[in-house]
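Written below as structure tokens is the structure these notes are about.
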Amino acid sequence: MSRGIIRPAVTRVQTRGAGQHRALRLGLMLAAAVWVAGLAAWLIPGADRLEREITLPWLFASRGPLPAPAEAVIVAIDSASAQRLGLPARFADWPRRIYADLIRRAAADGAAVIALDVFFARARLGDGDAALAAAIADAGNVVLFGRMQRHVQALPGGGPDGQLQVDSLHRPYALFADAAAAAAPFVLPKSPARVDTVWMHHPAVPSLATLPAAAVHVQAGAITCPGGHEATPVQRAACDLATGPRERMLNFYGAPRSVNIVSAADVLLGPAPDLADRAVFIGHVEPYFPNQRDSFLTAVSRPDGLDLSGVEIAATAYLNLLRGEFLEPLPPQTIAAGLLLAAAFTPLRPPLASALALLLAGAAGFGVLTAFGRFQLWLPPTPWLVQIVVALLGALALRARHSGRERAQLAAAFRHYLSAHVVQQVTRASSEGPAPVRATQQRAVCLFSDAAGYTRLAERLPPAELRDLVNRYYATLLAPISAHGGMVTDIVGDSALAVWPITQAGIAQRLRASRAALGIQEALASFEVPGGGGLPTRIGLHVGELTLARSARWTTMSTGPLAMW
């Protein structure tokens, strides 16, 4: 009995192949958009700075402090030592014999290398210089700090930007520099005002090692690279300096004072700390912000204003190099992520897609933290989060577009048979799926129609003629119903059901239903079928209670017995 209503099915079969190609094309377009969004979030100006200023502090804070490595110790030139040793509060005024005593004590304890982050610019009166030079020469493994000086010369005819910049190393006082194993600068890159990386060699003089790299070279001595499996960690670090990048990303061990620090007073007055086979860095370190003058803003700076001192950064760089713990920044795999996210989000309904987006965002954060904490990998999460958002919004937009096309096709297919209200319910239900059902009572006038002889007619007519016949029949049948305010709620084969809800007395609705029935009889009186004759139609009217099974998107009903005409 349902052979007549075949236009929607035929339309869908004819367009299924084109729809699949269209869906594939749109899916690839979404994948491309996700890829471009991730790439833009990584490459746009300021993206790297945003990652460094927001993501890096979060990663270090989430990971927490690491145990202080035992391979290095800082001897702090601090205010507490000045008070205990009866020395001036201004560290530049400390007698040089103090530094000589610190070097001799460290060398006597078997320090592997001694690096001083203190600049001795010129000679002083007294015997302190001779004592310091002798201590440096006797230790044989002392690296002194040297300052870089920049000379700027204007180029003739070069305008305001026509300048020649020449960097040169200002070595310490010659008596000390000649006795030392090496003199090295320690210039730190800032991005733009915070220290996240360190240079192993000076950017303007690639052959000039910086203080932590020079300490590794002095400690390693003469080696042949590659060192092989039997090489010591310091030998492998020296080979890494020869082949690795000049600029490395620092992997801080925690907030300020997270590496091993002992005061100069503790070293000189005892009990002496164990310095055997350890790198000893001597420099200015304070436990409180107001007293710390040599400080640099980093990702692990404390909220109270205490930053890392220069010697702490030097010791951190040395330990990172020795232990192979520099952070390795890796760009996000945006291409693979774009394809996978587009494939994951496209088939999902909005609630599931939103839940998946939250799950993926959490997984991305967990993966970034795991890579950072366990493998020293810095994976900027922003491009991935941007891709997840773009994939979610794009998939929802494609789904809404596809649902809109389906609703339009359904509406075009059924508008000849159903009222606008019913067509709206049909299209909404088809796109939104099942919903919770509630049963209610509604009083209404019902009209039911049934075509006599339709089965025999359907058996002898070709499908194309039967389709045209059904289209003409329902166009004739439904016109009076719509004209008198009825709602067609169901069509099955040659039968139709329409209702007129009664909200008040109901006389007007009874009259409308009766006039619609009379209009149907009058309209079908001249209806002809192929081969001659008409299509007699029985009509039933009933007034009573309807049981409505109502959801948020669809309504069905059942009625009592109908009075047939």
Q. Which residues' amide hydrogens lie under 5 Å from the amide hydrogen of Thr489, considering only partners 5 or more residues apart or on another chain, with H built in the peptide plane?
A. Leu497, Ala498, Val499
Q) What net charge is computed for the residues neighbouring Ile261, neighbours being all others with C-beta under 11 Å from the C-beta of Ile261, Lys and Arg scored +1, Asp and Glu -1? A) -3
Q: Compute the signed sum of charges (Lys and Arg +1, Asp and Glu -1) over the other residues within less than 10 Å, Cβ to Cβ, of Arg278.
A: -4
Q | Amide proton proximity set for Thr537, modelled H, under 5 Å, gap of 5+ | A | Ala452
Q | Leu66/Asp304 FRET efficiency (R0 30 Å; Cβ-Cβ; nearest 0.05) | A | 0.90
Q) What ³J(HN,Hα) values, in whole Hz, does the Karplus curve 6.51 cos²θ - 1.76 cosθ + 1.60 give for the range 257-273 when θ = phi - 60°, with x put for Gly and Pro? A) 6, 8, 8, 5, 10, 10, 7, 4, 5, 5, 5, 7, 9, x, x, 6, x
Q.
Through the Karplus equation 6.51 cos²θ - 1.76 cosθ + 1.60, θ set to phi - 60°, convert the phi angles of the range 528-540 into ³J(HN,Hα) values in whole Hz; use x for Gly and Pro.
A. 10, 10, x, x, x, x, x, 10, x, 10, 8, 10, x
Q: Tell me which residues come under 5 Å, amide H to amide H, from Asn260 once H is placed; ignore anything under 5 positions away on its chain.
A: Ile74
Q.
Can you tally the net charge around Leu327? Count Lys and Arg as +1, Asp and Glu as -1, for every other residue whose Cβ sits under 15 Å from the Cβ of Leu327.
A. -1
Q | Backbone HN-Hα couplings from phi across the range 290-304 [Karplus 6.51/-1.76/1.60, Hz, Gly and Pro as x] | A | x, 8, 7, 9, 8, 9, 9, 5, 9, 5, 10, 4, 7, x, 7
Q: Could you calculate the FRET efficiency of Ala92 with Leu268 from 1/(1 + (r/R0)^6), where r is the beta carbon distance between them and R0 is 22 Å, rounded to 0.05?
A: 0.70
(Q) Please list, by residue number, everything in the range 250-293 whose backbone N is under 12 Å from a paramagnetic label point 7 Å out along Cα→Cβ of Gln376. (A) 250-253
Q) Working out 0.36 nm times the residue gap between Ser207 and Leu358, then minus their Cα-Cα distance, what length gain in nm do you get to one decimal? A) 49.4 nm
Q | FRET efficiency for Thr224 and Asp109, using Cβ-Cβ distance with R0 set to 45 Å, rounded to 0.05 | A | 0.90
**Q.** Spacing of the two label points (7 Å from each Cα toward its C-beta) at Arg510 and Ala130, in nm
**A.** 13.2
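Coordinate-derived values only; no laboratory data. For clarity, every value in this text was computed on a predicted model and none was experimentally measured. Here the Cβ is made from the backbone with ideal geometry for all residues, glycine too, and neighbour counts use every protein chain on show.
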